[in-house]
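The values are calculated or read from the model by the stated rules, or taken from the named source; none is laboratory data. These figures come from a predicted structure and were not determined experimentally. Here the Cβ is made from the backbone with ideal geometry for all residues, glycine too, and neighbour counts use every protein chain on show. Heavy atoms of the whole protein, side chains included, go into the accessibility calculation; ligands, DNA and RNA do not. Shrake-Rupley method; radii C 1.70, N 1.55, O 1.52, S 1.80 Å.
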Number of protein chains: 2
Amino acid sequence: MNEDELLGWLKRRLRTKKERDHLRDDTATLEGSGALVVTVDQQVEGVHFAPGLDARVVGRRLLAVNLSDLAASGATPRWAFLALQLPRGLDPKPLYAGLLAACRRHRVMLAGGDVSSGPALAASLTLIGQRAPGAAALSRDRARPGHALYLGGTVGESALGRALLERGARWTSGAVRLPRSLALPPPMVLAARRAVKRHLLPEPQLALGRAIAALPGAGAAIDLSDGFSRDLSRLCRESGVGARVEATALVRASPPGFDALCSRLRLDPDALRLGGGEDYVLLFTMAANTAPPGRFRCTKVGEIVRGHRIFRLDAAGRRETLAPAGWDHLLRG
Amino acid sequence: MNEDELLGWLKRRLRTKKERDHLRDDTATLEGSGALVVTVDQQVEGVHFAPGLDARVVGRRLLAVNLSDLAASGATPRWAFLALQLPRGLDPKPLYAGLLAACRRHRVMLAGGDVSSGPALAASLTLIGQRAPGAAALSRDRARPGHALYLGGTVGESALGRALLERGARWTSGAVRLPRSLALPPPMVLAARRAVKRHLLPEPQLALGRAIAALPGAGAAIDLSDGFSRDLSRLCRESGVGARVEATALVRASPPGFDALCSRLRLDPDALRLGGGEDYVLLFTMAANTAPPGRFRCTKVGEIVRGHRIFRLDAAGRRETLAPAGWDHLLRG
C-alpha cells in the first residue's frame, strides 16, 4: 500500500464531506477559529535525512518543510508543537537550538510538545498559522481549464543536493564540503554547494503564498515536496482537470549550471526535475488574465486543460504522458 | 539529561514570559483564537507499548493519552492530527481504524497528518480542543496553601497492568488473556484483567475536567501520566507551594483487590501508586469550601501547604518526604 492508496482508503472511511475536505490539502482549516490553518510534517533519520546530520540542520529543516505546507495555503505561521523521539545518549539541545533559531526568524512561537526515547532521531512538527482576515484560502482543488500553471522556484536542485550528500558531500560548521573524489571543475563547485544547501535548508515561499492568496485570479496551489509530476497529479486530481507542461519552460526553471552538473554526475536532469522531490517551492495556477507579482520571478510552465490527462510537450511539439514519479513516504527509506 | 532538565534548559532559552508559560502545562492556549487549546503526545513501540500490540489498541490509546492532557485544561476536544512512522510491511489500517473509532466516540475530527516509513511503529497526535466561552482555564500553577488535593480516580492500577503484560498477559480480540503460569486465584483474575485493560485503554476524565473548570473554587490541575509523586511535584513547583499527602487516603484511592494482587505478584503497591505512572486521571486542587461534584467519586488525598516540601503522612502521624518517582521519557524505554 502506498501513500496515496492509504489516503484513498482513509477518505472512504470518513463519513462527512468536511472530514474528507480536511484531508485534501496538506493543511486543514479549523472552522470557527478565526481562519486557523494546521499542518503536520516529520523528519525521520534514515528516511528524510542521513544518520549523523548536524541536529541543528534537522531542526531548521523540520520547520522549513512545515512552513512550505503553510505557504501553499496562503497563511502566516504562528505556533509550533514538537514531538521528538531521541535515541539514548543523543543530546537534544542542538536540534532545539536549530528549531528555535528558525522559529525566531519566522516569528513562530514554540508553544509545546512531547519528548520520548526512540530507536532513531525522529521529529514531528505541528505548525499552526493564521490567514489574513478576508484573504482567500489557497487549496489544491481550484485549478480550472485555461488557468496558467506557474512554478515559484526551481525544481530538481534539491534532489541533486541529496545525490551529492549520498556521494560524500557534508555539511560542517555551516558550510558544504565536497569530497575530493568528485573532482568537480571550479565552476561546478558553486552549483554543487548551492544544491546541497538547497536540499538541507529549503526556503519556504511564504511571501509568495500570501501574495497569490490576495490576487483575485488565484487558482489552486500545492507545495512541491514529493516531486513535480506527483504533486501536479494530486493538484489535477483534486481539481478534476488535466495539464499540459512545456518541457522547455521546465528546463528554464532550473538553476544555472544544473544540467551540466547533472551530466557530470551521470544523473538525468529531467528525472530530477520531474520526480526528484523535496523542492519546497509552490506550484500554482492563475486565471489567464492575471500573473503573480514580478518580484517572485515565477516561471509559467504550462496550462490547465479539460479532462484528466497530464502530458508534457517538447520543443518539437511531441506529447508525452507524464506519470506521477517522485517520493512515496511509505515505500521510501 | 532527563526530561525535566531538558524542559528547564528550554525555558531558559525562551525570551518572553508568554513563551515560557506555554511550556508550563501539557497544553497551550492559543491567544486570540477563541480559547483553542493544543496538546501533543506520542506512542512509540518499545517505549510506550510492547512490539506486537494490536495496532487498533495503539490507535485508541494514542487518542486517550492526548484526551487526558486536554481534560486537565478543562477543554472539549475538536480536531486531531496524526504523524505516523511505519516499519516496512506493517499494515497501517488497524491503527487508523482504532484511532478513527475512538475519535468518533469523543466527537473528534481527524483533520490531517503525515505518514512516513520508520524503524519502529511510532505515532504522534496533536489534539486541538476548545474551552467553553467564559470557562476558566485549568493549569498547573493555581494551587494555593489551604487548597484540598483531590484524585479523580485510582492510581497504580495502570502500572499493575503493565507488569502483567510484561509477565505474559495479552490483549486478543478485545479481551485480556492471562498466562497459566500466573496461576491467579479466581477473585484476582478479575482485578488482573481490569488492570491490563486500564493500562491499554485508559478512560480520560474529560467531563471531570470541564466540571472543575466551571467551579468558582477551582485551583490547579494536572493529568497523572508520569507518576503521582512526579506529577504532584510539577504541580507544586509551578504553583510555588508544598503538599501533604495522606498515605491512608491514597490507599483508599486504589481499586478493589489491588493490594492483594500486588502482593501476590511481589510488587510494592505503594511504589506503584506513587510512581507507577500512566494513570491518566486528574490530580487537582480546590478551595477548602468547595468540592468536586459527587458523581465523579473523587478522593481527597491531602492538602496544599506553604513552602516547597512535599511529604506523606502515614496513619501513625509520621512524615516522610515524597521524592518525585515515576517515568522520565528520556531515560525510559
Is there a residue being farther than 24 Å from A:VAL108 by Cβ, in a loop (DSSP other than H, G, I, E, B) and in contact with a Lys or Arg (Cβ under 8 Å, 6 or more places away or on another chain) anywhere in segment A:159-170?
yes
Would you check if there is a residue in segment A:38-51 being assigned to a helix (DSSP H, G or I) and in contact (Cβ under 8 Å) with a residue 40 or more places away in the chain?
no
Over 20 Å from the mean Cα position of the chain (by Cα) and of a type in the set (Gly, Ala, Ser): which single residue out of B:ALA136, B:ALA163, B:ALA159 fits that description?
B:ALA136
Which condition from (1) within 7 Å of chain B (Cβ to nearest Cβ); (2) touching a strand residue (DSSP E or B) at 6+ places or on another chain (Cβ under 6 Å) is the one that A:VAL58 breaks?
(1)
Which ones in segment A:257-297 are touching a strand residue (DSSP E or B) at 6+ places or on another chain (Cβ under 7 Å) and either assigned to a helix (DSSP H, G or I) or polar (S, T, N, Q) (or both)?
A:THR285
Scan segment A:10-47 for residues that are at the interface with chain B (Cβ under 7 Å from one of its Cβ atoms), more than 30 Å from B:GLU31 (Cβ to Cβ) and open to solvent by less than 40 Å² (accessible area, probe 1.4 Å) and jot them down.
A:LEU10, A:VAL44, A:VAL47
Options A:SER158, A:SER181, A:SER173, A:SER139; residue that is at pLDDT 95 or above and polar (S, T, N, Q)
A:SER158
Among (1) of a type in the set (A, V, I, L, M); (2) out of contact with any Leu (no Cβ under 6 Å at 6 or more places or on another chain); (3) within 18 Å of A:ALA288 (Cα to Cα), there is one condition A:ALA207 misses while meeting the rest; what is its number?
(3)
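Okay, residues lined up against (1) closer than 21 Å to A:GLY153 by Cα; (2) surrounded by fewer than 22 Cβ atoms within 10 Å (Cβ to Cβ); (3) in contact (Cβ under 8 Å) with a residue 24 or more places away in the chain:
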{"position": "A:ASP223", "(1), (2), (3)": "yes, no, yes"}
{"position": "A:CYS236", "(1), (2), (3)": "yes, no, yes"}
{"position": "A:GLY257", "(1), (2), (3)": "yes, yes, yes"}
{"position": "A:ALA288", "(1), (2), (3)": "yes, yes, yes"}
{"position": "A:GLY302", "(1), (2), (3)": "yes, no, yes"}
{"position": "A:THR321", "(1), (2), (3)": "no, yes, no"}
For segment B:88-106, what are the residues that are part of a loop (DSSP other than H, G, I, E, B) and at pLDDT below 95?
B:ARG88, B:GLY89, B:LEU90, B:ASP91, B:PRO92
Breaking point among (1) touching a Gly at 6+ places or on another chain (Cβ under 8 Å); (2) within 7 Å of another protein chain (Cβ to nearest Cβ); (3) surrounded by 18 or more Cβ atoms within 10 Å (Cβ to Cβ), for A:THR76
(2)
When segment A:95-127 is examined, which residues are found to be in contact (Cβ under 8 Å) with a residue 60 or more places away in the chain, more than 7 Å from every other protein chain (Cβ to nearest Cβ) and buried (at least 21 other Cβ atoms within 10 Å of the Cβ)?
A:LEU121, A:ALA123, A:LEU125, A:LEU127
Sort out which residues of segment B:52-84 are part of a strand (DSSP E or B) and either out of contact with any helix residue (DSSP H, G or I) (no Cβ under 8 Å at 6 or more places or on another chain) or under 13 Å from B:CYS103 (Cβ atoms) (or both), and write them in order of number.
B:PRO77, B:ARG78, B:TRP79, B:ALA80, B:PHE81, B:LEU82, B:ALA83
Total residues in segment A:145-158, condition part of a loop (DSSP other than H, G, I, E, B) and touching a helix residue (DSSP H, G or I) at 6+ places or on another chain (Cβ under 7 Å)
3
Restricting to segment A:259-286, name every residue that is of a type in the set (A, V, I, L, M) and either buried (at least 23 other Cβ atoms within 10 Å of the Cβ) or touching a residue at least 60 places away in the same chain (Cβ under 8 Å) (or both).
A:ALA260, A:LEU261, A:LEU265, A:LEU267, A:LEU272, A:LEU274, A:VAL281, A:LEU282, A:LEU283, A:MET286
Leading residue by the ranking (least open to solvent (accessible area, probe 1.4 Å)) among those in segment B:211-221 that are out of contact with any His (no Cβ under 7 Å at 6 or more places or on another chain) and of a type outside the set (A, V, I, L, M, F, W, C)
B:GLY217
So which residues in segment B:289-303 are of a type in the set (Gly, Ala, Ser) and more than 10 Å from B:LEU151 (Cα to Cα), if there are any at all?
B:ALA291, B:GLY294
Over segment A:179-206, the set of residues open to solvent by less than 40 Å² (accessible area, probe 1.4 Å), closer than 19 Å to A:ALA260 by Cα and not in a helix (DSSP H, G or I) is A:PRO179, A:LEU184
